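The values are calculated or read from the model by the stated rules, or taken from the named source; none is laboratory data. Fair warning: this is a prediction, and the values are worked out from it, not measured in the lab. As a convention, Cβ positions derive from the backbone with ideal geometry for all residues, glycine included, and neighbour counts pool all protein chains shown.
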Amino acid sequence: MGGCAGGYLYQGEIGGVGLMKERLLWLAVSATLFAANGALAQSDPVSDSEAPTEFDEFQNADVFDVDLFSPTAPALVVLGVSPKNTADPGTFKDFGFDVTNVGDGDKNRIGVAFTTTPYWWGTRALTLEDYRTQNSAAERIWARTQLSLGLARAGGRKTESLSLGFGVQSQLLDAQDHKFDQESFACIQGAWDQLRRPEFEDATKNLAGEIAEALGDVPIGEEPDEIDIDLDDFFEGLQGSASEDQFLGARRSCQDQATARLLAKPSWMAGIGLGARSDDDQLTDFEFDGVSLWTSYRQPLDARGRFAVLGFLRGDLDKTFDLGGDLRQEGDAVLAGLGGAFQIPWLRVDLSASFNHRSFTDSAFENDDFIRYTGLVDVRVREGLWLEVAGGTVASSDFNNGAFGSINVKISWGEYLPFF
């Protein structure tokens, strides 16, 4: 860790100090390095990958993230307010918040969902190397698993029903895991070594000298008085410097290269969720409303991953279907779809078609088979903020023919909560 690095770097500078004073100096330098790391993180919340001098701390797997077509919240998939009623594979962040509005000729459904990746809660002292080599395949899948809770309006325009959804989905392939991209870490580490490490080490050596001088007159075996050292110069020398700006720019370039590499790799996602439904607009009296399962696969077609084919499946058991007006029926459903996509790191455009089969229970209607055509544009407005606009039409349905449209705002962020 950073403290160990401090002890190693400065042991030769304190040769005339006794063992007790050597340990005190080691602790003081260690505390200083960790304090410096905290100050740097506060100055730029998204730059936590800019760690202290020690390699293990620098390559913390928890803060090693990229931003590539964030997936739809699994709770919104359960609630049926995602454009294709499934979720395309994407990269996960520690936290996410989705707001969507889906409308057609008879319904206007607003949904919200909160999503989190529980594996990375708290502080995990896990390096990228540990993540790749020590974690089992099952543990890595758990590290890519999202839990999500959502709420949406249900029914037609004249109803006041609410739907509650809980969903779980996971990225199943290591190939699409950005924490496996060793080239991007090597790129960032090279930028750190060239642009930031010399300045950081010079500053900490000077600080260690000040601490050693302050401890020089303390007899061996006695506790030192409070050490009066002003750390402002230390922090000011590390923050806002030209080398910091250069490093952040270089790191951004490394991350952009990593997202481009991910586009060229296949990805596979699977999810499951539970639904509940209320007959009024109150958050009470919810009743079970079925189980949903889905999976999606993306296969790049060219070396840069700009073009890809998509396949997706979904099944529902004991679900309530809104059939227009105030009519609704319970039953089961299955859909299967194919599509094609054009994707670059900040933009995704895809077209798809799916065959849908619904079978009703305890009803005069036996089933309903139809085709759903969907077009989608997903744009990264800035890091952690995506805007998705989608639309399409339903054909050959006995109940729900016609056009539909949706807008989905996706917000995701890393290991910190932005408002606390």
Lone unmet requirement of (1) among the small types (G, A, S); (2) in a strand (DSSP E or B); (3) over 22 Å from V309 (Cβ atoms) for G375: (3)
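Take T361 and tell me if it is assigned by TED's automatic domain parsing to the domain that holds G392 and modelled with pLDDT under 90.
yes
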Going by what's in this entry, would D316 be described as at pLDDT 95 or above, of a type in the set (D, E) and either in a strand (DSSP E or B) or more than 18 Å from P83 (Cα to Cα) (or both)? yes
Subset of the range 179-191, residues in contact (Cβ under 8 Å) with a residue 60 or more places away in the chain and either assigned to a strand (DSSP E or B) or surrounded by fewer than 19 Cβ atoms within 10 Å (Cβ to Cβ) (or both), comes to E183, C187, Q189
Taking the residues in the range 379-397 that are out of contact with any Ser or Thr (no Cβ under 8 Å at 6 or more places or on another chain) and without any contact (Cβ under 8 Å) to a residue 24 or more places away in the chain as candidates, determine which candidate is surrounded by the fewest Cβ atoms within 10 Å (Cβ to Cβ). R382
Looking at the range 342-358 only, could you name the residues that are in contact with a Phe, Trp or Tyr (Cβ under 7 Å, 6 or more places away or on another chain) and at pLDDT 95 or above? F342, V349, A353, N356
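Rundown of residues vs (1) touching a residue at least 40 places away in the same chain (Cβ under 8 Å); (2) surrounded by 20 or more Cβ atoms within 10 Å (Cβ to Cβ); (3) over 22 Å from the mean Cα position of the chain (by Cα), yes/no style:
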site: D280; (1), (2), (3): yes, no, yes
site: D285; (1), (2), (3): no, no, yes
site: V291; (1), (2), (3): no, no, yes
site: S296; (1), (2), (3): yes, yes, no
site: K319; (1), (2), (3): yes, yes, yes
site: D332; (1), (2), (3): no, no, yes
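Is it fair to say Y131 is assigned to a helix (DSSP H, G or I), out of contact with any Lys or Arg (no Cβ under 6 Å at 6 or more places or on another chain) and farther than 26 Å from G402 by Cα?
no
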Restricting to the range 115-138, count the residues that are at pLDDT 80 or above and surrounded by fewer than 12 Cβ atoms within 10 Å (Cβ to Cβ). 5
Would the range 390-398 turn up any residue that is among the aliphatic types (A, V, I, L, M), modelled with pLDDT of 90 or more and in contact with a Pro (Cβ under 8 Å, 6 or more places away or on another chain)? yes
